[in-house]
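Read the structure below first, then the notes.
The values are calculated or read from the model by the stated rules, or taken from the named source; none is laboratory data. Just so it is clear, the structure is predicted and the values come from calculations on it, not from any experiment. For neighbour counting, all protein chains shown are included, and Cβ atoms are generated from backbone atoms with ideal geometry for every residue, glycine included.
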Amino acid sequence: MTGQPPTGHPSAAALRSPALLRYLAGQLPSVTCSWAQVVALAWVVVQQDPHALGLVIMLQFLPTLVIGPWFGALADRYDRRRMLIIAESGLALVAAGYAIAAATGALTLPVIYLLAAAWGVINALDTPARRALVPMLVPADLAAAASALTGTAMLFGMTAGSALGGILVSTVGASATFAINAASFAADVVVLATIRTGPSPRVARAAGQVRAGLSYLWRAPLLRSTMITIALLATFGFTVQVSVPILVRVTFAGGPDLVGAAFTAGTAGSLAGMVAAAVRRAPGPPPLAPAAATLAGALLLTAVAPAVPVLLVGLAGAGFAWSVCIIAATATLQTADPAMTGRVMAIFAAVLLGGTAAGGPVAALLADLADPRAPFVVGSLAGVVGARLALAGGRLRRPA
């Protein structure tokens, strides 16, 4: 993408890109409906067996840890837009599978496990392709602003989708919620087909490209410390997709409407954090250490919440802090060599979602063996350790 040097706030300048606007127009409804599906699936699982939710989350995110870096190498070799179209089409099919199984009464735990694993494999392709495509939609000096804007749109969709999911499951049921999500993915594919970008880097295929990405990351001290901090926080700090539905149902005796409200509080907080970062005028990404410390405090408040209003405030604070952590990490990692961006972001996705995959069963086990509040206590401790790691990493120089 080329053009005249942008003027004004970077976010406003990035929004002048027709490619970015089309991308956001497709992603916003898709993310909204995807998070409605998150609520629907969580409720279906906790009704059958609350502790199975950890395994479902693991199956959804473990493939990103295992094969995500390889898919990241593919994102550096092939056309990123076409890869994203293929991935979004696959996610539409999985959502349709959920809808059909729910409508016919066949959505048992084994079927859910199968569909969750399929979703995880396709999402492992979707994530690096999407994150590597975004910088191509705007001039190079607006890549960070475009990343913040797409993150804001995603969190807005997550917030709206969490509320929408609670409403849809309570009114039209889980099957219709899954079907609506499938339709939203199909619509996004149509939008993506209309976007025109410059050519993808098309790094030539060669042996050891994934290893080269890992080696590059390890040799860059700031990138390395950022990745380790996020790994800790993702695994033990922000396990809300498992810990929140269990806490709501077991401790607060809530239904799908309260599960939706709890997710909405967290994602609304995340949206507020993303907006705050998007309008931030200070140079460079927001600092990671204070965000991790704030996450620790919010999770502790959630853990000791005596009533639903306090619970929602704690989750909103946790969402705010988590989004700032992700923004800080993403902005830092996007300073990588452009030829390495796909692999670095794929490793980031592997760490982020792989941490979620590992943390989900841990949170479920803690809730089972101790108390549904226990995962939030452990998460608070992880936030404290993460803040110290990030503070040490912040003193390191950025890679050249």
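Observations on the structure shown:
- Taking the listed residues 112, 85, 67, the one that is in contact (Cβ under 8 Å) with a residue 60 or more places away in the chain and closer than 17 Å to residue 131 by Cα is 85, with no other qualifying.
- Candidate set: the range 109-129, residues that are β-branched (Val, Ile, Thr) and at pLDDT 95 or above; chosen: the one surrounded by the most Cβ atoms within 10 Å (Cβ to Cβ): 112
- 1 or more residues of a type in the set (Val, Ile, Thr) and modelled with pLDDT under 90: qualifying helices (runs of 4 or more DSSP H) within the range 242-339: 256-278, 308-333
- Considering the range 163-190, and only residues there that are aliphatic (A, V, I, L, M) and touching a Cys at 6+ places or on another chain (Cβ under 9 Å), the residue that is surrounded by the fewest Cβ atoms within 10 Å (Cβ to Cβ) turns out to be 183.
- Residue match in the range 253-266 (condition: of a type outside the set (A, V, I, L, M, F, W, C) and more than 21 Å from residue 42 (Cβ to Cβ)): no
- Residue count for the range 71-90, restricted to those that are in contact with a Ser or Thr (Cβ under 8 Å, 6 or more places away or on another chain) and closer than 29 Å to residue 48 by Cβ: 1
- Just one of (1) closer than 30 Å to residue 16 by Cβ; (2) buried (at least 24 other Cβ atoms within 10 Å of the Cβ); (3) of a type in the set (A, V, I, L, M, F, W, C); (4) modelled with pLDDT of 85 or more fails for residue 160. It is (2).
- Considering residues of the range 44-93 that are at pLDDT below 85 and either outside any helix (DSSP H, G or I) or of a type in the set (S, T, N, Q) (or both) only, the residue farthest from residue 177 (Cα to Cα): 78
- Among residues of the range 11-23, those that are surrounded by 22 or more Cβ atoms within 10 Å (Cβ to Cβ) and either within 18 Å of residue 88 (Cβ to Cβ) or in contact with a Ser or Thr (Cβ under 7 Å, 6 or more places away or on another chain) (or both), counted: 2
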